[in-house]
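Comments concern the structure below.
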Amino acid sequence: MAIPLPSMMRKWRERDFERGDPPFLQRLALRLWAFAAKRPRLYHALGGSIAPLLARLAGNRGHFIALPFAHAWTDTRDLPAPQGKAFHELYRETRRSKAQ
């Protein structure tokens, strides 16, 4: 199946450009994510602490009915909560167990 991803992405960027700047909170969230993503230790520390926090916030349901910055998703479907450890923690454990 040939999906024309480059042309689709170009059209989405053009559409977004015509709409103007994204809302302030969206720009701020992306800047904060970019700041952390450029610093691996900070990114891993945040990921390791945020995933369990989000799991607790979801409670026994195991998913979010509403979540700030994800309303476009949660307006039409449930957003699964993180289960257990963050990906980078599981990856690190798997590498260590294979090395032994």
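The values are calculated or read from the model by the stated rules, or taken from the named source; none is laboratory data. Only a predicted model underlies this, so the values are computations on that prediction, with no experimental measurement involved. Here the Cβ is made from the backbone with ideal geometry for all residues, glycine too, and neighbour counts use every protein chain on show. Quick note on the areas: whole protein, heavy atoms, side chains included, nothing else; ligands and nucleic acids left out. Shrake-Rupley method; radii C 1.70, N 1.55, O 1.52, S 1.80 Å.
Summed over the range 52-88, the residues that are under 26 Å from P23 (Cβ atoms), open to solvent by less than 100 Å² (accessible area, probe 1.4 Å) and assigned to a helix (DSSP H, G or I) give a count of 5.
Residues of the range 17-41 that are within 20 Å of the chain's Cα centre (by Cα), in a helix (DSSP H, G or I) and more than 30 Å from R92 (Cα to Cα): F24, L25, Q26, R27, L28. Being among the charged types (D, E, K, R) and out of contact with any helix residue (DSSP H, G or I) (no Cβ under 9 Å at 6 or more places or on another chain) is the filter here; which residues of the range 40-84 pass it? Matches in the range 40-84: R41, R56, R61, D75, R77. Considering L42, L5, L28, the condition of being closer than 20 Å to A86 by Cα and of a type outside the set (S, T, Y) is satisfied by L42 alone.
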